[in-house]
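Below: one structure, written as structure tokens.
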Amino acid sequence: MKLQVLDKAEISPLVEALMEDYRVVAPHAKGSKFTFETVTDPADLRLDYDTTILPPKKVLQPTKDRLATFTMGEIPQIEDVLEVTPTVVFGTHTCDLKGIQLLDEVFSRDFDDTKYTAQRKETFLISIECLSPCDENAFCKDMGTMTANEGFDLHLTELDDVYVVDAGTEAGEELLAKYGSAREATEAEKQELNQKLGAKWPKFNYKLNFEAAKLPAMLEASFNHPIWDDMGERCLACGSCTTVCPTCYCFNVADEVDMLLTQGTRERYWDSCQLEEFAAVAGGENFREGRAARQRHRLMRKGKYIYEKFDELGCVGCGRCVRTCVAKISIVESFNTIYNGRK
Amino acid sequence: MTKENTKVKVAFFDFASCEGCQLTIVDALQTHLSLLDVVEIVQFREAMTEKGEDYLIAFVEGSCNRKSDEERLFKIREQAALVVALGACAHTGGVNALKNIQPSLQETREYVYGDKADWYEVYPTRPISAVIDVDAFIPGCPIDRGEFVKVVKNVLLGKRPGIPDYPVCVECKLKENVCLLLEGKPCLGPISRAGCGAICPTYGDGCEGCRGIIPHPNENAMKDVLDEAGLTLNEIMARFTMYNAYQEDQIETAEKTI
């Protein structure tokens, strides 16, 4: 598809039109921060947000999600809950786009997670290019996520007066044609786009002292590094770093029954490897009892284990875990400390 | 399960407390009527006149504040197959245990009861688990009615009560609250037991740890974080001890001050 443009004043009507047929989820202000919320009034949508507290993964993997209902009579009846809400996620940053691409792999590669994939099929992603860094904690340039060539249905880049719209899929093209009033980009607009994309590059800084591609090998040699004990000393094990991570997907499943034990529901909810009970098993053994072992596990997941399983690093450089940590533990600093001290 | 004779007999008791947890149960009985399909309440001073002594599960609100209260607790323990500590006072000693960390228990007694101080029997505050074995606890000041219903259900099913061991931060983050600590406001969320739905931080008030401290908390790191938030050592200790002043090893020292 040729590059198209939307006048800035056309964003609200586009969202409004999409709302007729879709749940539109987009960044909204919440106090001094932002969160992805279902749009009820397009005027509340904030495309100028820095980052959100939780990533948009919550649309595809809700924090608490009903998997099934069941009855408990003589012959128990179990029924899957597979309701899907057609959804447009509007305004994801490219780091979060990468996070969703990784989740797509996780929930479909070896085993089709019907719940996730059913919702994913009916979810369309409209991303937006970051033209300057959201804050000092992001390290998207290191992780190769400060722009995107794929993973979106539509991708917006803000120019002075218009948004350039790039379609990444046929579905995106159709969405734009059906709900938007875009026109073809002029030569001048294409030039402005190139200028803007070129100008953004030097505004972003590298935060890692090394190439991220070296992470798996570096971590391979760092299992007994003293940094894990240092992190364990500082870590409160509050689980915030994993809760806000766009690539953490661990969950637990529990049944809830009614008082008379006639029926119940099976729910899955987000879990965290940073919590003490996470790796505890029947009999009382806990495979990652100490906070140091749990922090090591988190960084190993991001820089090594996920790469080994899915061929992609498990970190998208969004910086949320750094921002959220009250103990000021930084994945960037930790990786750099390991790199700087290697023999 | 609905037949009268298959209902589990339960009783409610209170010691040093504000009775707010029992009021929460009265609320729960109105919003979760099905509770009465599975239990029969034989004793509940706060809500009824009858006093049956034939109960299987005892719910105990309040901390133990007098030597003479121990006898009553022993009797409850002897009768009940399961004893459930109800709310912060019974669970951790609650705010009542603040008196344990005052310089002199006798002075505190006089401060509270004035010239009638000697009329009132006092000893260092204890959670009921310091006096009798406790099978389960429902934390909080006051308890959460949904959690009460859940614990009753789990206990009747023979399951663990299902009280979370993870901190309030988990629930707070899932609610996408703006972090109070990151805004420089004091909050004990990182080391306090969840299950309340982070209700205080959700309304802008820092967590005070009414549901007790999680197992193996990183208290040093928490002190550093509160220090960073601009609290003095005294303020930090005040927050730590609001609901969690009771320590087993303080009893002997405190007893000498009366």
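None of the figures in this text is laboratory data; all of them are computed from the coordinates on show. Keep in mind it's a predicted model, so treat the numbers as computed, not measured. Cβ: placed from backbone, ideal geometry, glycine included. Neighbour counts: every protein chain shown.
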Pick from the range A:265-282 the residues that are buried (at least 17 other Cβ atoms within 10 Å of the Cβ) and touching a residue at least 40 places away in the same chain (Cβ under 8 Å): which of them is nearest to the other protein chains (Cβ to nearest Cβ)?
-> A:270
Considering only residues of the range B:215-236 that are outside any helix (DSSP H, G or I) and surrounded by 18 or more Cβ atoms within 10 Å (Cβ to Cβ), which is nearest to the other protein chains (Cβ to nearest Cβ)?
-> B:218
Members of the range A:53-80 found to be without any contact (Cβ under 8 Å) to a residue 40 or more places away in the chain and touching a Ser or Thr at 6+ places or on another chain (Cβ under 7 Å), listed by number | A:77, A:79
Verdict on residue A:65 being surrounded by 14 or more Cβ atoms within 10 Å (Cβ to Cβ), outside any helix (DSSP H, G or I) and of a type in the set (Asp, Glu) = yes
How do the helices (runs of 4 or more DSSP H) wholly within the range A:69-154 filter down when requiring 2 or more residues that are more than 30 Å from residue A:200 (Cα to Cα) and basic (Lys, Arg): which remain?
-> A:114-121
Tell me which residues, restricted to the range A:167-202, are of a type in the set (Gly, Ala, Ser), touching a strand residue (DSSP E or B) at 6+ places or on another chain (Cβ under 8 Å) and either farther than 26 Å from residue A:144 by Cβ or not in a helix (DSSP H, G or I) (or both).
-> A:167, A:168, A:180, A:181, A:182, A:185
Going through the range B:237-258 one residue at a time, which ones are polar (S, T, N, Q) and in a helix (DSSP H, G or I)?
-> B:241, B:250, B:253
Filter the range B:174-185 down to residues that are in contact (Cβ under 8 Å) with a residue 12 or more places away in the chain and surrounded by fewer than 19 Cβ atoms within 10 Å (Cβ to Cβ) and give me whichever is nearest to the other protein chains (Cβ to nearest Cβ).
-> B:175
Across the range B:11-54, what is the number of residues that are within 22 Å of residue A:260 (Cβ to Cβ), away from chain A (no Cβ under 14 Å) and touching a Leu at 6+ places or on another chain (Cβ under 7 Å)?
-> 0
Could you please find all residues in the range B:206-224 being in contact (Cβ under 8 Å) with a residue 24 or more places away in the chain, out of contact with any strand residue (DSSP E or B) (no Cβ under 7 Å at 6 or more places or on another chain) and not small (Gly, Ala, Ser)?
-> B:208, B:210, B:215, B:217, B:218, B:219, B:222
Say we look at the range B:79-96 and pick out the residues that are β-branched (Val, Ile, Thr) and part of a helix (DSSP H, G or I); which of these is nearest to residue B:42 (Cα to Cα)?
-> B:92
Kindly check whether there is at least one residue in the range B:17-29 that is hydroxyl-bearing (Ser, Thr, Tyr), outside any helix (DSSP H, G or I) and over 28 Å from residue B:121 (Cα atoms).
-> no
Checking residue B:154 against (1) in contact (Cβ under 8 Å) with a residue 12 or more places away in the chain; (2) within 13 Å of chain A (Cβ to nearest Cβ), the condition it does not meet = (1)
In the range B:160-173, how many residues are crowded, with 22+ Cβ neighbours inside 10 Å and either aliphatic (A, V, I, L, M) or facing chain A (nearest Cβ under 7 Å) (or both)?
-> 6
Please state which of the following conditions residue A:42 fails to meet, knowing it meets all the rest: (1) free of Cβ contacts under 8 Å to residues at least 60 places away in the same chain; (2) within 14 Å of chain B (Cβ to nearest Cβ); (3) more than 30 Å from residue A:258 (Cβ to Cβ).
-> (2)
